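A.B. asks: My structure is below; once you've seen it, I'll send some questions.
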Amino acid sequence: MQEISSQVSADAVNQNHISAELLNMLPFPLLLIDHENRFVWLNPAAESFFKSSTAYLAGHAVTELIPSDSPFFALLDRVRQADRSVVEREIGLISPKLGVRKGTIQMVPVPIRSKIDNYAQVLVSIQEQSMAEQLSTQNQFKGAALSMAKMTALLAHEIKNPLAGIKGAAQLLELDLPAEYRELIGMIVDETDRISSLLSRIETMSADTPLKITDVNIHEVLDHCIRITKASFGRHLQIVRRYDPSLPNVRADRELLVQCFLNLFKNAAEATNDGDELVLGTSYSMTRYISSLPDGKRVHLPLQIEIEDTGIGIPEELSEHVFEPFISTKSRGSGLGLAMVASVIADHGGAITHQRRHQRTCFSINLPFLNVTDPDSALQSSSRATEVTSSLGEMS
């Protein structure tokens, strides 16, 4: 009988060990929170998410990492009051350490096993929005932008003709009118130019022209855009390059990439002050995949370009809508710049994301290496990155 009891105990210990191993193997963050909202345990994915280990966080208040007014804690209260699991989709976790993270959060009350401890703990799982979902959302934005642009394009040429006439007439009037009226004439000319420019941008978005694909050195494109930025709207910026020199060329439309980067650089310039930084980084990402293609195949997006600035950032209420058309934080902005950027990146089979981290605004662009015929060659190229570090951290 004692042998049977020992065997049962050994099986129970082994089962608990297997359960713990399985929880640690889960790819999404999983954490246990006690009745005083303190960390009890985190799996490796949660440690990576919170950038701290279980050994450090155990016993620490969750409010040290997540603000007390976050909807996360309202969800905890609901779980305890209802004594059942609760799921909340598209909930945002925003803090200086985490940045802006968004995903589905599920909370489950853990059954009480001890009469000594009458307070139930809560098991929390966090499933961040996947790259495929982000890409799908951006494609919806692109579709909305294209639909609106195509309707407008039907009228664009007709509108441009009278605009050109108005501008020409105003310029002729300027020659004969007294000096006190020339400021008003200048306003007419400036506004007709602005409307004409806006219509041209809408026409560009509505044109389903094929990409002009060539071999492109991403660092040459970035350096070209830096030269334009330093010579015009970004003279006040301190530009820092953090390139991975081992990255191979990519198959892309060079002119469209230039247009994308200039849009992002100009936004950064307008949100920064004298002496602020614009940090440009390139790297090989092992983990960026999308699986939203009709055949279900996963596509690797290894080429990662990060554009960070130390400016004022995008208001929190607009952070989830930055790639939607006609959304702008500028009083005279058209709201088409980032919609165009997302459209071009999607046309290249890539994805773009935005987040606020360490008091910096960061846009991350991921593109496939379409020109790589040998799947292992890109990985081999990436492994050489640790051997070549001479250009990392180079100041412009």
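The values are calculated or read from the model by the stated rules, or taken from the named source; none is laboratory data. Here the structure is a predicted model, which means the values were calculated and not measured. Neighbour counts are summed over all protein chains in view; Cβ atoms, including those assigned to glycine, are modelled from backbone coordinates with ideal geometry.
A.B. asks: Looking at (1) at pLDDT 90 or above; (2) surrounded by 13 or more Cβ atoms within 10 Å (Cβ to Cβ), can you tell me which one residue 274 breaks?
C.D. replies: (2)
A.B. asks: Does residue 261 qualify as being outside any helix (DSSP H, G or I) and either in contact with a Lys or Arg (Cβ under 7 Å, 6 or more places away or on another chain) or of a type in the set (Phe, Trp, Tyr) (or both)?
C.D. replies: Numbers: outside any helix (DSSP H, G or I): no; either in contact with a Lys or Arg (Cβ under 7 Å, 6 or more places away or on another chain) or of a type in the set (Phe, Trp, Tyr) (or both): yes.
Answer is no for this residue.
A.B. asks: What about residue 187, is it out of contact with any helix residue (DSSP H, G or I) (no Cβ under 8 Å at 6 or more places or on another chain) and either modelled with pLDDT of 80 or more or within 19 Å of residue 344 (Cα to Cα) (or both)? Break it down into steps so the answer makes sense when it comes.
C.D. replies: Values: out of contact with any helix residue (DSSP H, G or I) (no Cβ under 8 Å at 6 or more places or on another chain): yes; either modelled with pLDDT of 80 or more or within 19 Å of residue 344 (Cα to Cα) (or both): yes.
It is true that residue 187 is out of contact with any helix residue (DSSP H, G or I) (no Cβ under 8 Å at 6 or more places or on another chain) and either modelled with pLDDT of 80 or more or within 19 Å of residue 344 (Cα to Cα) (or both).
A.B. asks: Here are 127, 171: which of them is closer than 23 Å to residue 72 by Cβ and modelled with pLDDT of 75 or more?
C.D. replies: On the way: 171 fails: closer than 23 Å to residue 72 by Cβ.
Only one candidate qualifies: 127.
A.B. asks: If I filter region 277-287 down to residues being part of a loop (DSSP other than H, G, I, E, B) and more than 30 Å from residue 233 (Cβ to Cβ), which single residue comes out as modelled with the lowest pLDDT? Before the answer, list the steps.
C.D. replies: Filtering region 277-287 down to residues part of a loop (DSSP other than H, G, I, E, B) leaves 285-287.
Narrowing the set further to residues that are more than 30 Å from residue 233 (Cβ to Cβ) leaves 286-287.
Numbers: 286: 80, 287: 71.
Of everything passing the filter in region 277-287, 287 is modelled with the lowest pLDDT.
A.B. asks: Regarding region 372-392, can at least one residue be identified that is outside the structural domain of residue 65 (by TED's automatic domain parsing), modelled with pLDDT of 80 or more and in contact with a His (Cβ under 9 Å, 6 or more places away or on another chain)?
C.D. replies: no
A.B. asks: State which residue pairs qualify: first residue of a type in the set (Lys, Arg) and inside region 160-178, second residue assigned to a helix (DSSP H, G or I) and surrounded by 12 or more Cβ atoms within 10 Å (Cβ to Cβ) in any location, beta carbons under 7 Å apart, and separation of 6 or more residues or different chains.
C.D. replies: The qualifying pairs are 160/196; 160/199; 167/189; 167/192.
A.B. asks: Sticking with this structure for a sec: Can we say residue 239 is in the same structural domain as residue 368 (by TED's automatic domain parsing), among the aliphatic types (A, V, I, L, M) and either in a helix (DSSP H, G or I) or more than 23 Å from residue 322 (Cβ to Cβ) (or both)?
C.D. replies: In short, no.
A.B. asks: Turning to a different aspect of this structure: So residue 295 clears everything in (1) out of contact with any helix residue (DSSP H, G or I) (no Cβ under 9 Å at 6 or more places or on another chain); (2) at pLDDT 70 or above except one condition, right? Which one?
C.D. replies: It fails just one condition, (2).
A.B. asks: Okay, next question. Looking only at region 45-77, count how many residues are among the polar types (S, T, N, Q) and in a loop (DSSP other than H, G, I, E, B). Before you say what the answer is, go through the steps one by one.
C.D. replies: Here is the first cut: in region 45-77, the ones among the polar types (S, T, N, Q) are 48, 52-54, 63, 68, 70.
Imposing the further condition that a residue be in a loop (DSSP other than H, G, I, E, B) reduces the set to 52-53, 68, 70.
Residues flagged as among the polar types (S, T, N, Q) and in a loop (DSSP other than H, G, I, E, B) within region 45-77 amount to 4.
A.B. asks: Starting from region 214-234, take each residue that is closer than 15 Å to residue 259 by Cα and list its partners that are among the charged types (D, E, K, R) and surrounded by 15 or more Cβ atoms within 10 Å (Cβ to Cβ), counting only C-beta distances under 7 angstrom and pairs at least six apart or across chains.
C.D. replies: Here the result reads 216/254; 221/254; 233/266, each pair linking region 214-234 to a residue that is among the charged types (D, E, K, R) and surrounded by 15 or more Cβ atoms within 10 Å (Cβ to Cβ).
A.B. asks: Name the pairs: first residue in region 249-262 and in the same structural domain as residue 229 (by TED's automatic domain parsing), second residue surrounded by fewer than 19 Cβ atoms within 10 Å (Cβ to Cβ) and hydroxyl-bearing (Ser, Thr, Tyr), Cβ to Cβ under 7 Å, at least 6 apart or on different chains?
C.D. replies: Here the result reads 254/214, each pair linking region 249-262 to a residue that is surrounded by fewer than 19 Cβ atoms within 10 Å (Cβ to Cβ) and hydroxyl-bearing (Ser, Thr, Tyr).
A.B. asks: For region 144-168, name all the residues that are hydroxyl-bearing (Ser, Thr, Tyr) and either at pLDDT 80 or above or touching a helix residue (DSSP H, G or I) at 6+ places or on another chain (Cβ under 7 Å) (or both). Before you say what the answer is, go through the steps one by one.
C.D. replies: Let us first name the residues in region 144-168 that are hydroxyl-bearing (Ser, Thr, Tyr), namely 147, 152.
Within region 144-168, just 152 meets the criteria.
A.B. asks: Step by step: first the residues of region 203-222, then only those that are acidic (Asp, Glu) and modelled with pLDDT under 95, then the one that is surrounded by the most Cβ atoms within 10 Å (Cβ to Cβ). Which residue is that?
C.D. replies: Filtering region 203-222 down to residues acidic (Asp, Glu) leaves 203, 208, 215, 220.
Okay, now just the ones that are also modelled with pLDDT under 95, so 203, 208, 215.
Numbers: 203: 16, 208: 8, 215: 12.
Checking each candidate, the answer is 203.
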